[in-house]
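The values are calculated or read from the model by the stated rules, or taken from the named source; none is laboratory data. These figures come from a predicted structure and were not determined experimentally. Quick reminder, even Gly has a Cβ in these numbers, built from the backbone with ideal geometry, and neighbours come from all protein chains shown. Just so you know, the surface numbers come from the protein's heavy atoms only, side chains and all, with ligands and any DNA or RNA stripped out. Shrake-Rupley method; radii C 1.70, N 1.55, O 1.52, S 1.80 Å.
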Amino acid sequence: MLMERRSKHLFLLVGSNPLPVFVSASLLSEPQGTIYFIHTIDTYYYAKQLSALLTKSSGYLPAQFRFFELTSPADQFKIHQDLAKHLSNAKFSAGETVGFNYTGGMKSMSVHAYEFFKEWCQKKYFRFTFSYLDPLESCLRFANGESYSPSGQDCSLTLSELLALHGRKITDQEPKAFFPAVSTLLANIAAESSGVLNMKAWNNKFLKGITKQQFEAYLRNFYSPEGFEQSRLFPSFEVLENFLRKSFQNTSLAVSDNAFLTSGNNQLPSVPVLGQLALAFVDTERPNITRWTLDSLSDRLVKYLDGGWLENYVLSCLEAISDQCGIHERILNFHFNKPAATVDPPEFDVAAMQGYRLFAFSCTVSAEKEKAKLKLFEAYVRARQIGGDEAKVALVSGYPQPQKLFEEISEAWMESRNKIKIFGPQHLRNLETHLKDWFLANE
């Protein structure tokens, strides 16, 4: 059905969200057809980014693009006048098809341009197709009532390509989760009664005040060019698990060997125990032990224990369901630049792409409602900026009443309920299944 809807001449309205325009161009233009970007002076930049990406990713030639500028995005008379002027020099042959997708641009542009093209095509006896990309149902809707839901094979974007539409690029990322077995263990502990609060109390007592330099000084004794030695304090995963469970439950360092509770050079007593924890974490990743250097392990350890494990756990779950859910890309600690220089580049804790749709995740172990709400709002704003109305956003947090928070946000933000998802501690044990259900519902 989609092949029948492709047009020799495809007209597209360009607004500040270029994603639906890219999708429409990819799905509705004939390979050798001409694409007409209808833009204002403010959206010409996005039209140029669209043509560049279509040329690079879809094999279009620069000669296949036309740029029609409107002097006003709201004035009906001027919109009709500008379109008539642009089309006065356009050459169309008998039997060629004309398509108009009005997803982009302002509402006034859509209405007035639709009026113009409907009358113009009828007068010229052109076969025409009008369409709209519905962000709620993720489908193309046509004026005759038909619809089509694109698959990932029909149109797919990488995160780099999505950012390129906005003139941005990735500045930092982690393509693979680290310590996945430990992250799963910590998620299971957090899912238990008072688990999140117990972990927070433990972190406050034993992580505060420890520096990267202290860890480096300790771990240097166990590092060589071949990698790190195995942990002496935690020789097996079972021993590691027992230590973490008892330590969190009792807010203690539950070790039987008191030698590890002493530390020289004015270090905190917890430094050697946490250093042995780091070695045990690396043990779970063998034979990929060379992934970790003295600098990277020392830098990651406190951040990981103090909540970084949660975003790694989310990424691990996404890795496990990717093939089943059509997820073709997912990354951790995803930073990207603003068009202008910025001290703090925007970021997502975890991001994934399913076809052309962005799924952005915000992760926090905090059980505080306002902090969880703020984290979700930040991710929501950034996701809309990059992924437009098609973007989906999820919060994974330690807040124990996720459904209550979801109801409050849905009412306050007036947002579609299928665009936001909130997971709490009770979801962590089976998060992989919950994520799978969410992604499959959006396919």
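Some observations on this one:
- Taking every protein chain into account, the 1.4 Å probe leaves Asp154 with about 60 Å² of accessible area, to the nearest ten.
- Whole-Hz ³J(HN,Hα) from phi, Karplus 6.51 cos²θ - 1.76 cosθ + 1.60, for the range 319-327, glycine and proline x: 4, 6, 9, 4, 5, 6, 10, x, 8
- A full extension of the chain between Ala84 and Tyr45 corresponds to an added length of 11.8 nm, given 0.36 nm per residue minus the alpha carbon distance.
- Mean Cα-pair separation over length for the chain, i.e. relative contact order, pairs under 8 Å, 6 or more apart, %: 14
- Computed FRET value (nearest 0.05) for Ala63 with Thr433, which takes r as the C-beta separation and R₀ as 51 Å: 0.55
- Computed helical MRE - 222 nm, the chain, DSSP H runs ≥ 4 contributing -39500 (n - 2.57), nearest 500: -13500 deg cm²/dmol
- Label-to-label distance, nm, for residues given as Gln403 and Leu440 (7 Å Cα→Cβ offset): 2.1
- The relative contact order of the range 127-256 comes to 14 percent, based on Cα pairs under 8 Å that sit 6 or more residues apart.
- Nonlocal amide H pairs with Asp134, under 5 Å, H built at 1.01 Å: Cys139, Leu140, Arg141
- Considering only Ala412, Ala113, Ala254, the mean-square fluctuation computed in a Gaussian network model of the chain, springs between alpha carbons under 10 angstrom, is largest for Ala412.
- Accessible-area composition of the chain, carbon plus sulfur, in percent [1.4 Å probe]: 49
- Entry comment: accessible area of the chain is 46 Å² per residue, from protein heavy atoms only and a probe of 1.4 Å.
- Ranking Gly227, Leu310, Gln64 by Cα position along the charge dipole of the chain, where only Lys, Arg, Asp and Glu carry charges on their C-beta atoms, puts Gln64 farthest toward the positive end.
- Protection proxy ranking of 392-403, 295-306 - average other beta-carbon atoms within 10 Å, highest first: 392-403, 295-306
- Here the gap between Lys205 and Ala94, fully extended at 0.36 nm per residue and compared with their Cα-Cα distance, gives a gain of 32.1 nm.
- Spin-label model, Ala254 to Asp295: label points 7 Å out along the Cα-to-beta-carbon direction sit 3.7 nm apart.
- DSSP beta bridges fully contained in the range 307-443 are about 55 percent antiparallel.
- Kirkwood-Stokes translational diffusion coefficient of the chain, alpha-carbon pairs, 10 °C, 1.306 mPa s, µm²/s: 65
- Spin-label pair Arg6/Ser72, simplified geometry with 7 Å Cα→Cβ offset, distance in nm: 3.9
- Selection of chymotrypsin sites (Phe, Trp or Tyr not before Pro), the range 99-188, meeting DSSP coil and at most 11 other Cβ within 10 Å: Tyr125
- Cross-link pairs beyond the 23 Å C-alpha cut-off, checked among Lys8/Lys107; Lys208/Lys371; Lys375/Lys419; Lys246/Lys404; Lys205/Lys371: Lys8/Lys107; Lys246/Lys404
- Accessible area (Å², 1.4 Å probe, nearest 10) - Lys124: 110
- Whole-Hz ³J(HN,Hα) from phi, Karplus 6.51 cos²θ - 1.76 cosθ + 1.60, for the range 46-63, glycine and proline x: 5, 4, 5, 5, 4, 5, 5, 6, 5, 5, 6, 9, 10, x, 6, 9, x, 5
- Note on Glu238 and Gln324: the extension gain reaches 27.8 nm, defined as 0.36 nm multiplied by sequence separation minus the Cα-Cα distance.
- Per-residue Karplus couplings for the range 378-390, computed as 6.51 cos²θ - 1.76 cosθ + 1.60 with θ equal to phi - 60°, are listed in order as 4, 5, 4, 5, 5, 5, 5, 5, 9, x, x, 5, 7 Hz, Gly and Pro entered as x.
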